[in-house]
Each structure stands twice: as C-alpha cells, then as structure tokens.
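The values are calculated or read from the model by the stated rules, or taken from the named source; none is laboratory data. Note that the structure is predicted; figures quoted are calculated from it, not measured. A quick note on method: Cβ atoms are made from the backbone with ideal geometry, for glycine too, and the neighbour counts reach across all protein chains shown. With ligands, DNA and RNA removed, areas are computed over all heavy atoms of the protein, side chains included. Shrake-Rupley method; radii C 1.70, N 1.55, O 1.52, S 1.80 Å.
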Amino acid sequence: MKHSTLTEVWARRSLFLCLLVSMAVARSNAATSYTISLANPEQHLVEVQIMLPEGKSQRELQLPVWNALYQVRDFAQYVNWVRAKDRAGRALAVRELDKSRWQITGAEGGAVVEYQIFADSPGPFAAQFNSHHAFFNLAQILMYPVDARSGPMVVCFSQVPDTWHVATPLTALPDGEFSAESYDRLVDSPVEIGDFKQSDFDEGGGHYRVIVDAESGDYDMDAITAMLRKIAVAATSWMNDRPFDRYMFIYHFPRGPAGGGMEHSYSTAISVNAEVLSRAPEVLTSVTAHEFFHLWNVKRIRPQTLEPVDYTRENYTRALWFSEGCTSTAGDILQLRGGLLDEGHFEQQLASGIGELERRPARLTQSAEESSLDAWLEGDAYYRRPERSISYYNKGELLGIMLDLAIREASHGQASLREVFQWMNQNYAKKGRFFSDSDGVREASEAVSHADMGWFFAKYVAGTEEIPWNDFLRSVGLRLEEGRNTRADAGFVASRNFDGPMAVAAVTAGSEAERAGLQTGDTILEINGKAAGQDSSEEMGRFTAGDTITLRVRSRRGAERELKWKVGSREEISYEIKDLGTVTPEQRARRAAWLKGEAQISQETHPR
Ligand SMILES: [Zn+2]
C-alpha cells in the first residue's frame, strides 16, 4: 500500500476549452455532453450546461425524482431556472411539462440547455458543493434527454479551484473529460472534487483506489487500506469472481453528523462520523463490507423490479430484504472470512439483531416483502414506529443467516448461501438477466440444495410467521437464550431519516417524558448539551435509570424549549446465543463451515 500523490485523475480547465471539446464530441458521436461549472461555492450553486446533438426538434429533459435511496426526493426543488438556445445562440422555447420535466422546441440543429441548481446536502446519497469540496450523486444535479438516456454521455467540470482534483470511477478521456456509455452508468458514478488524500493498491489482479476527504488526524490510511485488502480478498474468493478491473472507495469522515454508504458498480461512497470512526473502527469495516458486496448483489445480481430504473416515480420491489438485508449477511461472512470479525462478536450481533426484530410488534403484521415495497415510506417518522414497520435490513440480514442454515440442513452441508449467490451470479448477472424478486432467490436456493425451499419463503419472506430461531441454530450446535433485562427507559421513541433531524415518534403514556412536556413530532436538537445526530441512539443507550436527561427540542410550531426529567426503567426481553449443552462433532463441523461461509467438503468418496 502506498500513499501516492495525484497523477491521473484531474481536471482543471477553462469553461471555454470545456465547451469547445464538448461541442466537438457532441457533433462527432452524438453524445450528450455536460459541463458542470463550479464557480459559486459560497452560494452552493452549480451551473450545468447540456449540449444536445442534432436530432428531433422537440426534446424533453428529465431530472430524476429519486436515486440511490429508495425515497422520492424531488431534486427539481433545487432548480432555480432553465433556459435553452440553439447553436447560433438564439433563445429556444422551454416549457415545463411537470415539476421535473422540461420540453425544448427548435432543437433540430442541436441545442444548449443551461440551468442553475442548488447543491448543499451532505452524505453519499446527495450532492454538496461548498468552499471545502464538491461531492456529487450526479442523478441529483443532471437532467437527462428522455430520447437519449441510453446513449453515450460526456462530462466535464469547469472553473474548478486550482488546488482541487477530481476523483470518479468514470472513464477519463485524455483531455480531462469523463465519459459513460449511458446516463444510467453516468449517475452510477459518484464524483469527489477537492483537496483529498489518495492511496492505491493492487490485489488479485484488481486495482483499487482509496479517496479520503477528512482531517488528516482523524484516520489512518494504512489501517484503512489493510482492511480494504482483506475485504477485497474475502469477497472475490467467496464469489470466485472479480467483475471489474478498477474499483474506487470514496470516504468522508466529517466531524458533524454523518453515516451511511452508497453502492455503485465500480465504486462506493461512504461517510462515517470522525468520532465514531476513532471509537468504533469496526463500523467502517462493516459498512465497507456491505457496500463492496453490493457490486454483486443489487448492482449485478439485480431484481427485475428495479429494471429499468424509473427516475420519474417509485420503482416498487419486493426484493430489498434480499438486495439489502442479505447483502449485510454476506458482509458479515466477508468480515468473518477476512478475520475482521470473530465468532463471539458475530453471535452477539446476531442476538442483538434478533432482539431488534422481536421488539417490533410489526413483525407480525408486515412481511419482509411488504417492508421492501414500503421502503418509499421510510422518510416518514410515523412509518418508522415499531408497531408500523420492520426493517428489511434487519429482517433481511437475519433471513440470510437462517436461509444459509436451512440450505446447509436441506443439502446435508453440501450447499450454502455462497452457492446461492454464485448461482445467481452465473445464471443472472453473467447472462445480463434479472431475477424475479423472492421467486428468483427461491429458485437459486432450490437449485443449489436440490430441495424444496418453498416453506421458508412462504412463512418468513412473504409471510409473517414467527421465526423459530432455535430450529435453525440447532444444526450448528447453538441456541438462543431469552433473558429479562431491566433497561433504562427515557419514555420516548425517536428516529431520523437518513439526513433528517432526530424526531420524536412516540411518547410513552404516563411517563416522565410526557409529564415534562415532550410531544410526538418534536425535533430533538440536543441531548444533554450534545447536538443530536447519527450516534444519538447510542448516546441514549448509555443512560441508566435515575439519570437526568436534558433535551433541547423544537416543537412543530417552531418554538424551542428545554425539557428535563429523570430516566425511568422497564423490563425487556434480551437475547444471547449460547452453545447447546452437548455439541456433537457434526454440529461443530457444520458451524466451522458456516462461519467460513463455505459448504462442507463432500463426505462421500469419489463417485464410481
Ligand atoms: Zn445497502
């Protein structure tokens, strides 16, 4: 591993040159060509110029209403104005067709469309431009020509500050522009522009680039690349595949609220709060393993219901329990294989994941498939209440672990979740086909186990039957032990959307919190003097009964107030995973294979 200075990826050019090149490209191969101007960081204003090649007189341009997160975010709210002209500079008529679509008339000889868009949302799902850097989820700022979405695209960045560089998995052209075969590929490529640190390494024939934008004392590049090597080796060996030559990790470790990762086919963008990173570096490992595995699951092993992407409305899919949840299962396995997670911690995580599901009454009313369909409601605080919804991440990860155990049992140890993913990779991803949501996963599970797995999917994926954890865990000599814990209880439930503030979703009737005046819908600004953010739930977890909690909150009407009360307590079921009283050699062998994510070696001798 080495920390190299920047040599290959850069772009620093005048708007004028950018335009000349763009016009040449647009004329020569009918590419749609974008120039993104970074002239106004203080106001967070990005100016975009789209060169449309010759074609029909009437063209439509669409700005996605969603991307990355399964939430409609209506990026058009940030568009200040749109205008168009022909190649000779004469103004063309622009008509807004709906809130996210514009029609240009008179574009037969080509057209130049310009618009200004505000970009000041932090995080890997968003677009942010300020005096420190620019990070773009391009779907948030780039409109696409409706009749040429699948055609070639060229992008260049103009008025980039002198000390800034460009990092992106997009193909770099010799003149400082970047190209993509289609709009979908273009917006599957995050862009970081700024004064970041870079480290490159090669592993197993793949070239990996690490981009970090953070305070230099807040992270250890050597430790990060050592971790990434282990994940890359574990993942490519587990899948027996490496469907890329180059892959890019883009990290932000801000001091403020942060959290989350966004998967892409040839890269990932991940954001972790600097303090969380130093206190719990395993958070970074776990997010990275999840996002890296996505390069197969969801980016290549892809449900039919997500294809083609509909940028104008929700893409409803029943498969997120698999595409997200089982990506976490695979992430666990990669960490176990890479020596980044040990059996004890894995079993602790499993027990705590089971507790998270068991404590949500909605597990009996909302299936994993329904939770996937309802992903689009996750921005709403009421939806996130325990009696309304479960998480397809949480239940999906558990289902992945149980499916793994069930397949091992049905196949007498000869197949596992690994074979399911490899089968889907061969039969769908490699053939350019998409699988039919849960049926596709069942098909793969049955193909590798040679057994009927319909019961598993009917009861636990499409259905809401209680999962008999011990029936699954027995095969590896483990059992789930229920206990009773007295837990501190502050008397309210709060949650937040990915980038939103912490909102009070419920206040327990008769609690001290209610008496202090806390109300559902209040926004929590501070907890005991500390700004509420990503690690607030952890913060809340540290309270013990009798502690005083002080909240600074803002009511729905906008008034701020400070509330103070004594934390109470309540009984809660807790879970632990333990060895069975007697663990047989068969169970031990099964467990060893399970923790490596591998099928057991065939017990039979060579076939005669
Ligand atoms: Zn994910």
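Observations on the model:
- Contact annotation: residue pairs with Cβ atoms under 6 Å, 6 or more positions apart or on different chains, pairing a residue in segment 316-333 that is closer than 12 Å to ALA289 by Cα with a partner that is open to solvent by 10 Å² or more (accessible area, probe 1.4 Å) and within 11 Å of the ligand (Cβ to nearest atom), are THR327/HIS290; SER328/HIS290; SER328/GLU397; THR329/GLU397; GLY331/HIS290.
- Residue count, segment 119-142 (criterion: of a type in the set (Gly, Ala, Ser) and open to solvent by 10 Å² or more (accessible area, probe 1.4 Å)): 3
- Residues that are in a helix (DSSP H, G or I), away from the ligand (no atom under 16 Å from the Cβ) and in contact (Cβ under 8 Å) with a residue 12 or more places away in the chain are absent from segment 380-392.
- Evaluated against (1) surrounded by fewer than 17 Cβ atoms within 10 Å (Cβ to Cβ); (2) part of a loop (DSSP other than H, G, I, E, B), ASP147 falls short on exactly one condition, (2).
- GLY353 vs. criteria within 16 Å of the ligand (Cβ to nearest atom) and within 30 Å of VAL187 (Cβ to Cβ): no
- Residues of segment 552-583 satisfying the condition of being out of contact with any Asp or Glu (no Cβ under 7 Å at 6 or more places or on another chain) and among the hydrophobic types (A, V, I, L, M, F, W, C): ALA559, LEU563, LEU580, VAL583
- Of residues in segment 313-332 being hydroxyl-bearing (Ser, Thr, Tyr) and assigned to a helix (DSSP H, G or I), the one nearest to the ligand (Cβ to nearest atom): THR327
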